[in-house]
Amino acid sequence: MDLLVLLIVLLLASCAQSLDNGLMRTPPMGWLAWERFRCNTDCSTDPKNCISERLFMDMADRLAEDGWKELGYQYVNIDDCWAAKERDSKGQLVADPLRFPSGIKALAQYVHAKGLKLGIYADLGTYTCGGYPGTTLDKVELDARTFASWEVDMLKLDGCYSNSSTKALGYPLMSKALNATGRPIAFSCSWPAYEGGLPPQVNYTLLGEICNLWRNYGDIDDSWDSVRNIINWYARHQNVLQPAAGPGKWNDPDMLIIGDFGLSSEESKSQMALWVILAAPLFMSNDLRTISKCDASILQNELLIRISQDPLGIQGRMILWGKNSIQVWTRVLSSSTMALAFFSQRTDMPYHYTTSLSQLNITAPQVFSAQNVYSGKILHGLGFETKFTVTINPSGVVMLYLYPGKQLTLSRRDKAYPLLL
Ligand code: GLA
């Protein structure tokens with residue numbers, strides 16, 4: 001590297017490192033191209049599904065017209081493979097002229113006119129993971145300015161084709177550079193995922209200061225195995241990860257794949273419930289033009305979205321992982337409410353799980369009412385010692401929203417038998 005560039009980089013990196021953009025006080029929601037559409041650039045044989053302005057305009061239309069936007073799904077995010085293979089004569093990134101003939105700025109304006117926001121992708125290295133021009137350290141500021149001039153609202157900065165020291169300089173540098181543009185641009189950092197996701201390689205305090213969200217772990221694929229593997233990794237490392245999250249700074253277990261090909265309906269409900277418990281960003285990667293009503297209803301569940309967007313922004317925790325392959329998760333919410341999820345990784349048959357708040361060590365100074373987020377069924381009069389039973393399907397979840405309720409006089413039958421939810 002040029003000595004002057006190195007000097008500038010070191011100087012900038014040593015200045016205050018704070019991403020003070022006020023964005024994403026609750027987990028962001030939207031749509032991201034990668035998992036479903038990958039690096040399909042073949043617009044001549046697959047014009048409807050290739051990475052092109054048409055795909056993003058289609059998704060923006062669907063988000064705006066099919067009820068997604070009102071629920072909070074507001075980002076339309078481009079991932080890899082949008083750029084031309086070379087920078088222009090001024091060194092600037094340019095969109096592929098055949099696939100994005102109107103350019104990114106026009107696309108941003110299209111998206112904004114629908115009341116949505118546009119996200120873009122870059123990579124802090126010599127190439128993006130897909131082999132497109134990377135953002136080397138000397139290009140960080142130029143690229144930040146370019147994205148701002150295109151009126152982009154979010155940047156995902158990936159980490160292929162670079163090393164740990166480049167990342168340690170580049171992520172804080174990009175954070176500052178985005179701030180310096182004066183445009184609020186949310187910043188998604190893939191940095192920790194490249195460093196194993198755990199301390200001492202990863203400094204979550206620093207990440208919380210420079211990024212709005214970060215990928216901790218490997219890429220999601222269109223399979224239940226992949227989803228389960230991710231959930232269990234977050235469960236195992238929750239003592240490190242859970243305190244790192246909060247308003248403006250989120251752990252990102254990767255995209256929602258509900259509506260694709262790999263998940264059953266039970267598994268889809270589980271992914272949504274667990275992502276909500278984890279206070280995760282909710283970026284769907286699916287085809288909103290063809291999604292089934294059933295899958296859409298999981299992603300559009302209003303109670304789940306309310307829980308996801310709780311203003312306290314406290315990430316949930318797994319409180320129990322039984323030998324019976326049932327995990328119990330809780331998320332503390334505002335106004336003395338909470339979410340409680342029973343998640344099964346069994347592969348046999350529906351499992352009846354009988355417990356009580358006291359058995360789960362959940363302090364309950366009051367009596368709760370509990371609403372099953374998927375069935376809508378409400379159980380009143382849930383006290384500290386009340387026994388209740390949930391039936392959890394294989395790969396499925398029962399998630400309850402607990403809120404202060406009034407004491408009910410239970411019938412003799414209810415006293416004798418656990419209440420079913
Ligand atoms: C990496 C990222 C993915 C996606 C691809 C694009 O694998 O983790 O999310 O952005 O690169 O090439």
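Could you grab me the full set of residues in region 364-392 that are over 17 Å from VAL332 (Cα atoms), outside any strand (DSSP E or B) and open to solvent by 60 Å² or more (accessible area, probe 1.4 Å)? If the condition is that a residue be over 17 Å from VAL332 (Cα atoms), outside any strand (DSSP E or B) and open to solvent by 60 Å² or more (accessible area, probe 1.4 Å), then SER375, LYS377, GLU385, LYS387 are the ones that fit. Counting only residues that are within 15 Å of the ligand (Cβ to nearest atom), among the hydrophobic types (A, V, I, L, M, F, W, C) and out of contact with any Gly (no Cβ under 6 Å at 6 or more places or on another chain), region 94-129 holds 3 of them.
The rows are residues; the columns are (1) within 13 Å of the ligand (Cβ to nearest atom); (2) closer than 20 Å to MET29 by Cβ.
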position	(1), (2)
GLY131	yes, no
THR135	no, no
ASP138	no, no
ASP143	no, no
ASP153	no, yes
TYR171	no, no
LEU178	no, no
PRO192	yes, no
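Of the numbered criteria (1) open to solvent by less than 30 Å² (accessible area, probe 1.4 Å); (2) more than 23 Å from the chain's Cα centre (by Cα), the one LEU169 fails is (1).
Listed residues GLY130, GLY119; which is in a loop (DSSP other than H, G, I, E, B) and either closer than 18 Å to ALA148 by Cα or in contact with a Cys (Cβ under 8 Å, 6 or more places away or on another chain) (or both)?
On the way: GLY119 fails: in a loop (DSSP other than H, G, I, E, B).
On inspection, the qualifying residue turns out to be GLY130.
Among the strands (runs of 3 or more DSSP E) lying completely within region 149-223, list those that include at least 1 residues that are among the aliphatic types (A, V, I, L, M) and without any contact (Cβ under 8 Å) to a residue 40 or more places away in the chain.
Ranges flagged: 154-158.
The values are calculated or read from the model by the stated rules, or taken from the named source; none is laboratory data. Small disclaimer: the values here were computed from a predicted structure and weren't measured. FYI the Cβ positions are ideal-geometry reconstructions off the backbone, even for glycines, and counts take in every protein chain you see. SASA here: full protein model, heavy atoms, side chains in, ligands and nucleic acids out. Shrake-Rupley method; radii C 1.70, N 1.55, O 1.52, S 1.80 Å.
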